[in-house]
Amino acid sequence: MNRTLLNALSFCTCAATTVKYSMEALIEEGFEELALSETFELKRGGKYFINVFDTTLIAFVVGKDIKDLKDIRLLAAHTDSPAFSIKPNPQLKTGKYGKLNVEVYGGPILNTWLDRPLSVAGKVCVKSDKVFKPQIKIVDFMRPIMLIPNLAIHMNRDVNKGVELNKQTHLLPLVTMMNETADEEFFMDMLSKELGVVKEDILDYELFAYCCNEPFYVGKEAEFILAPRIDNIVSVYSCLEAITADANDEALNIIALFDNEEVGSITKQGADSTLMKNVIQKIAKAFAFNEAEAYGIAISMDVAHASHPNYMDKSDVTNIVNINDGVVIKKAANQGYATDCYLTGIITEICRANDIKYQYYVNRSDIAGGRTLGSILSSNFILRTIDIGVPVLGMHSACETVGVDDVNYATELAKNIFQMKKGD
């Protein structure tokens, strides 16, 4: 696998394909797959991963000299992005237009999805010879198959004053033109053909419409990347690069790539579940370690808001975040970001020792901010936690912008977090 950020942005089109991509990368690096439902049989120096319901992935490296669980290093990111979820019975005919019935997933900037090439990816449940063991197939059409057309300005003269889009009527993707002989189940026909299965064997699906614009380098010096799903595939990429690099012999290094961050994380495969705790318990049991002594650090890696060149008044007055000026340490008094000063001190020392630029983000006091994995993880584990990320313009747009240098800084920081020893 040619593992580059642009490849990751192209192939990680939804949570399921992101996990598939990540698994392939880990297998190439010699990681062994474990089943969450079984007892872990582990060895010191071992490299392992767990596929959690096809949309979340946890991977870890056990230090060859590990003696206990007092030095856990956890990097967390998320596999999902704002998108459109395809409803059951999705085919909809309006006149001769064949459309899909969808609902909004997460918080996309809706009008940025208009007039874009869209495709479909996700997982499909297919009939097998055992009722309690249906097949799960990961599918990605990997080509434009639909679009959401805008309304011409001639029919809405006030469009440039701002238009509220109705999520049920204005955002239904156009797939095909219908005629007298057209099959009313045109989408299911497409899906079954793509999977190579009989249409009647498709039992259910979790499918998403995604923007299939290619990622591009942009700028005078090609210093920007413009692409869909930068939030949060850039962090997934950094986590994969870190876990597959050299490891600290005395620590337990873990990456957790969670699904459903964009909708609150309160799911069986989300960060706000017992999942991470159960994995730690099973690791402790495999080595007869004292689980109560589990301790360490958690780094939540999500994107951060860059100061916008056309809306500088939306930034904090003393903490300006610039593209390509380094990793962003995110702080919030309301603990929407879980950063504490002790771990911030450690991270800034690592940055200074390795020529990694860093900067701070805080919300303007009159603008409410978001919430990330950090505050969730810090409430479920006795781990010092910090929220960091790369600065992004156009967060939650169909296409977002990130700085090339910032991705490199974040990746180097992630690698050093895993490699440095406590005594360094």
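Before moving on, here are some points about what is shown:
- A straight Cα-to-Cα reach below 15 Å connects K282 with the aspartates and glutamates E33, E38, E41, D68, E291, E293, residues fewer than 8 places away in its own chain not being considered.
- Computed from backbone phi with θ = phi - 60° and the Karplus coefficients 6.51, -1.76 and 1.60, the 3J(HN,Hα) list for segment 83-100 is 6, 10, 8, 7, 6, x, 6, x, 5, 9, 10, 10, x, 9, 8, x, 10, 10 Hz; x is used for glycine and proline.
- Segment 158-313, accessible surface, carbon-and-sulfur percent (1.4 angstrom probe): 49
- Charge tally for K96 (other residues, Cβ to Cβ under 15 Å; Lys, Arg +1; Asp, Glu -1): -1.
- Long-range HN-HN contacts of L174 with modeled amide H, under 5 Å: L147, I148
- In sequence order, segment 218-227 has phi-based couplings of 9, x, 4, 10, 6, 8, 10, 10, 10, 6 Hz under the Karplus curve 6.51 cos²θ - 1.76 cosθ + 1.60, θ = phi - 60°, and Gly or Pro positions carry x.
- When the surface is traced with a 1.4 Å probe over the full set of protein chains, H170 keeps roughly 90 Å² accessible.
- Probe 1.4 Å, accessible area per residue of the chain, Å²: 47
- Taking each DSSP H run with n ≥ 4 as -39500 (n - 2.57) and averaging over every residue of the chain yields -7000 deg cm²/dmol at 222 nm.
- In this Cβ point-charge picture (+1 for Lys and Arg, -1 for Asp and Glu), the chain has a dipole of about 400 debye about its Cα centre.
- Cα-centre dipole for segment 331-424 with unit charges at Cβ (Lys and Arg positive, Asp and Glu negative), debye to 20: 280
- Element breakdown for segment 15-126 at a 1.4 angstrom probe: carbon and sulfur atoms account for 46% of the accessible area.
- Overall form of the chain per C-alpha gyration tensor (a/c, 1.5; a/b vs b/c): oblate
- Here each label is just a point 7 Å from Cα along the line to Cβ, and for K43 and A222 those points are 4.3 nm apart.
- For the residue pairs K133/K199; K277/K421; K357/K415; K20/K137; K67/K285, alpha carbon separations beyond 20 Å are given by K277/K421.
- Between F216, F208, F224, the Gaussian network model of the chain with springs among Cα atoms under 10 angstrom shows the greatest mean-square fluctuation at F216.
- Here the 3J(HN,Hα) profile of segment 160-166, calculated from phi with Karplus coefficients 6.51, -1.76 and 1.60 at θ = phi - 60°, is 7, 8, x, 10, 7, 8, 7 Hz, Gly and Pro shown as x.
- Partners of K99 within straight-line reach, counting aspartates and glutamates whose Cα lies under 20 Å from its Cα and excluding those fewer than 8 residues away in the same chain: D115, D140, E180, D183, E184, E185, D189, E194, D204, E206.
- Taking L92, L203, L100 in turn, the Gaussian network model of the chain (Cα-Cα springs below 10 Å) assigns the largest fluctuation to L203.
The values are calculated or read from the model by the stated rules, or taken from the named source; none is laboratory data. As the structure is a computational prediction, the values presented were derived from the model and not from experiment. Methodologically, a virtual Cβ is constructed for each residue, glycine included, from the backbone with ideal geometry; neighbour enumeration extends over all protein chains shown. Remember, those area values only see protein heavy atoms, side chains included, never the ligands or the DNA or RNA. Shrake-Rupley method; radii C 1.70, N 1.55, O 1.52, S 1.80 Å.
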